[in-house]
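Worksheet for the structure shown next.
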Amino acid sequence: MDCYFVTGASGVVGGALIPALLGLPEVEVVVLLRARNGHSIADRFNALKQFWRAHYLQLPAGALEHRLRAMAGDISAPALGLSAADQHELEQGCTHIVHCAASVRLNQSLAIARETTVVPTATLIALARRCVGFRKLEAVSTVGVGGRWQGPLPERWLDEPRAFHNTYEEAKAESEVLLREAAAAGLPLTVHRPSMVVGDSRTGVTPHFQIFQFICEFLSGRRTLGCYPALGHTVLDIVANDFVAHAIVAASRSPDSAGEIWHLCAGPIGALPLTELRDTVRSRLRREGRLPWWPSIPLPPAYFLWLMSLLARALPAAQQRTLATLPVYLDYLGSAQVFDNTRTRERLQALGIERPDTRVVLSRVLDYYLANTRHRA
């Protein structure tokens with residue numbers, strides 16, 4: 001039986017990845033979990049299993065009980081915070097590692113970004129080398145490693161010097177340097193660069209509301225006095241988490257994918273114009289009576305930020321912290337970013353995996369988000 005060790009099982013990618021892995025016969029999955037907010041590992045693990053039972057009915061009977069286990073640890077700690085016994089068990093039995101844990105905070109310091117991104121990558125590479133029957137590492141990076149790349153980002157390792165929008169992108173780029181060195185030294189691995197990962201393409205479900213939902217809120221003007229930033233003709237590349245999960249699983253079962261870079265994104269053709277995203281979100285909110293009654297006002301980003309800085313002074317501290325992140329997001333959204341996915345698309349089509357249509361994904365993700373936030377209207 002193959003044994004997959006997975007980080008980030010509680011995240012947006014992990015939420016779809018674990019059911020996809022358990023859909024394979026003869027596969028055992030071990031997830032790394034950290035206790036937090038006063039809850040034990042058992043509490044978090046039970047909550048995750050409840051989520052998977054509720055939203056992934058196609059799971060084989062008993063899969064969550066007999067082929068899924070949790071180990072206590074911390075992705076940023078030495079040796080992942082694992083006990084000596086757990087380390088030994090993985091070294092003797094782990095055949096695959098899928099690293100999709102990430103701290104997607106765009107405004108954290110570079111030191112913290114490295115601690116939560118670069119350090120875990122190095123630790124997992126070292127673990128993979130110690131595993132007796134190891135076969136493959138799937139490392140989830142991001143198309144953001146291109147930073148302020150001009151033109152379509154190529155599906156290859158990047159040597160060119162470049163600037164970044166934020167510390168998350170920079171730390172992920174540094175992690176790819178470690179992965180490239182490991183691949184050159186013979187470690188079988190595939191690097192996956194997803195774009196902005198949202199919910200399930202069929203149901204819109206996601207374990208957490210994160211960056212995408214925040215972007216939808218402030219583009220709509222619903223929580224910003226009816227104002228929203230005018231961002232011209234830029235686009236946003238979004239991708240469903242179940243598509244990303246199935247691509248990762250397919251790569252893990254394809255030895256010839258070792259050493260490759262896969263761009264799991266909508267690509268130049270499928271990326272969504274921000275004006276269309278804004279209009280779609282506003283239309284849906286208006287239909288539900290969740291937009292302000294006064295006319296909405298598009299503002300140049302600089303004026304929008306100035307107005308938000310004034311508004312923040314009258315808000316509670318938590319909302320002030322949220323608004324303080326707006327410059328980071330506007331800088332990211334205001335850049336013309338395009339990601340080539342030609343080779344990856346051909347690779348996945350040969351494996352029977354098609355990327356869901358972006359607009360279908362958007363509709364279902366908005367359905368789920370709006371249905372689960374009506375009490376906050």
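Brief remarks on what is shown
- The range 68-94 residues that are free of Cβ contacts under 8 Å to residues at least 12 places away in the same chain, paired with ones that are among the polar types (S, T, N, Q) and surrounded by 14 or more Cβ atoms within 10 Å (Cβ to Cβ) (beta carbon under 9 Å, 6 or more apart): ALA77/THR123
This table checks each residue for (1) in a helix (DSSP H, G or I); (2) touching a Cys at 6+ places or on another chain (Cβ under 9 Å); (3) surrounded by fewer than 14 Cβ atoms within 10 Å (Cβ to Cβ).
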{"residue": "GLY289", "(1), (2), (3)": "no, no, yes"}
{"residue": "PRO295", "(1), (2), (3)": "no, no, yes"}
{"residue": "ALA302", "(1), (2), (3)": "yes, no, yes"}
{"residue": "LEU307", "(1), (2), (3)": "yes, yes, no"}
{"residue": "ALA314", "(1), (2), (3)": "no, no, yes"}
{"residue": "ARG321", "(1), (2), (3)": "yes, no, yes"}
{"residue": "ASP331", "(1), (2), (3)": "yes, no, no"}
{"residue": "GLN337", "(1), (2), (3)": "no, no, no"}
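- Across the range 143-168, the number of residues qualifying as without any contact (Cβ under 8 Å) to a residue 60 or more places away in the chain and buried (at least 23 other Cβ atoms within 10 Å of the Cβ) comes to 2.
- Exactly one residue out of ALA302, ALA314, ALA371 is small (Gly, Ala, Ser) and within 27 Å of the chain's Cα centre (by Cα): that is ALA371.
- Only residues that are closer than 18 Å to VAL205 by Cα, in a helix (DSSP H, G or I) and touching a Phe, Trp or Tyr at 6+ places or on another chain (Cβ under 7 Å) were counted across the range 339-377, and they come to 1.
- Considering the conditions (1) at pLDDT 95 or above; (2) not in a loop (DSSP other than H, G, I, E, B), LEU187 is excluded by exactly one of them, (2).
- Identity of the residue in the range 175-187, crowded, with 17+ Cβ neighbours inside 10 Å and either of a type in the set (Gly, Ala, Ser) or in contact (Cβ under 8 Å) with a residue 60 or more places away in the chain (or both), that ends up farthest from SER254 (Cα to Cα): SER175
- Residues of the range 52-67 that turn out to be in a helix (DSSP H, G or I) and touching a residue at least 12 places away in the same chain (Cβ under 8 Å), as a count: 4
- In the range 248-277, the residues that are buried (at least 16 other Cβ atoms within 10 Å of the Cβ) reach residues that are at pLDDT below 95 and hydroxyl-bearing (Ser, Thr, Tyr) with C-beta atoms within less than 7 angstrom, at least six apart or across chains, in these pairs: LEU274/THR234.
- Look at the range 319-340: where a residue is of a type in the set (Gly, Ala, Ser) and a partner is not in a helix (DSSP H, G or I), sitting 6+ places away or on another chain with Cβ atoms under 6 Å, you get GLY334/LEU231; ALA336/THR234.
- Out of SER296, SER220, SER252, one residue alone is touching a strand residue (DSSP E or B) at 6+ places or on another chain (Cβ under 8 Å) and closer than 18 Å to SER141 by Cβ. It is SER252.
- Top-ranked residue of the range 56-83 - restricted to ones that are farther than 29 Å from ALA113 by Cβ and modelled with pLDDT of 90 or more, ranked as surrounded by the most Cβ atoms within 10 Å (Cβ to Cβ): LEU68
- Of the numbered criteria (1) in a loop (DSSP other than H, G, I, E, B); (2) within 19 Å of SER363 (Cβ to Cβ); (3) at pLDDT 85 or above, the one PHE212 fails is (1).
- Filtered by the rule that a residue be among the aromatic types (Phe, Trp, Tyr) and surrounded by fewer than 21 Cβ atoms within 10 Å (Cβ to Cβ), the range 213-227 gives a lone residue, PHE214.
- Checked across the range 92-108, the condition of being part of a helix (DSSP H, G or I) and farther than 26 Å from ALA258 by Cβ holds for no residue.
- Test: residue in the range 219-242 that is at pLDDT 95 or above, part of a loop (DSSP other than H, G, I, E, B), under 26 Å from LEU22 (Cβ atoms) and charged (D, E, K, R): no
The values are calculated or read from the model by the stated rules, or taken from the named source; none is laboratory data. Nothing here was measured: the structure is a model prediction, and the numbers come from that model. When we count neighbours, we look across all protein chains shown, and the Cβ atoms used for this are built from the backbone with ideal geometry, even at glycine.
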